[in-house]
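The values are calculated or read from the model by the stated rules, or taken from the named source; none is laboratory data. Nothing here was measured: the structure is a model prediction, and the numbers come from that model. All Cβ positions, even for glycine, are placed from backbone atoms using ideal geometry, and neighbour counts span all protein chains on display.
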Amino acid sequence: MSRFFPYDFDRRFRLVWRLFGVDPEVDGVTLTDDGRLGATFGRFRVDTPLANIADVTNTGPYRWWKSVGLRGSGADTGITFGTTNRVGACILFKEPIPQVVPPRPSHAGLTVTVAEPDALVNAVKGTKDA
């Protein structure tokens, strides 16, 4: 059965995530029945097979200016779908995913600020082990 992990929406930053068209009722991370991870952040999307996930860990807290909104990392090729600065999960890929945020042609990781990062980490790890 598919599992949906909604984002942790910090209302203080609602103007930032609304700029990207993010909807608290719709956007988040989904692990699908057919073995895929999908993440949406308004009109921005990531989709990759669970088999492409090298590692997933809990992260945070973050500095708000580095974690809220849609961000590409200056330090690596990762991206962030961020709705809060509290906590999240970092997903690293075996093979980079196609470009979501320019100027990088691909992304090696994705940080998501889901409401239950422990549950997402455990679900991904459990699915990969199955």
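When region 14-44 is filtered for residues that are among the charged types (D, E, K, R) and in contact with a Gly (Cβ under 7 Å, 6 or more places away or on another chain), the ones remaining, listed by number, are Asp27, Arg43. Close Cβ contacts (under 6 Å, 6 or more residues apart or on different chains) running from residues in region 5-34 that are of a type outside the set (D, E, K, R) to residues that are part of a strand (DSSP E or B) and surrounded by fewer than 17 Cβ atoms within 10 Å (Cβ to Cβ) comprise Gly28/Phe4; Gly28/Pro6; Thr30/Phe4; Thr30/Gly38; Leu31/Arg3. Counting only strands (runs of 3 or more DSSP E) that sit completely within region 74-130, those holding 1 or more residues that are among the aromatic types (Phe, Trp, Tyr) correspond to 79-82, 88-98. Restricting region 96-130 to residues that are touching a helix residue (DSSP H, G or I) at 6+ places or on another chain (Cβ under 8 Å) and modelled with pLDDT of 95 or more leaves a set whose member that is nearest to Tyr7 (Cα to Cα) is Val114. The set of residues from region 7-46 being outside any loop (DSSP other than H, G, I, E, B) and either polar (S, T, N, Q) or loosely packed, with under 15 Cβ neighbours inside 10 Å (or both) comprises Arg11, Arg12, Arg14, Leu15, Arg18, Leu19, Thr30, Thr40, Arg45.
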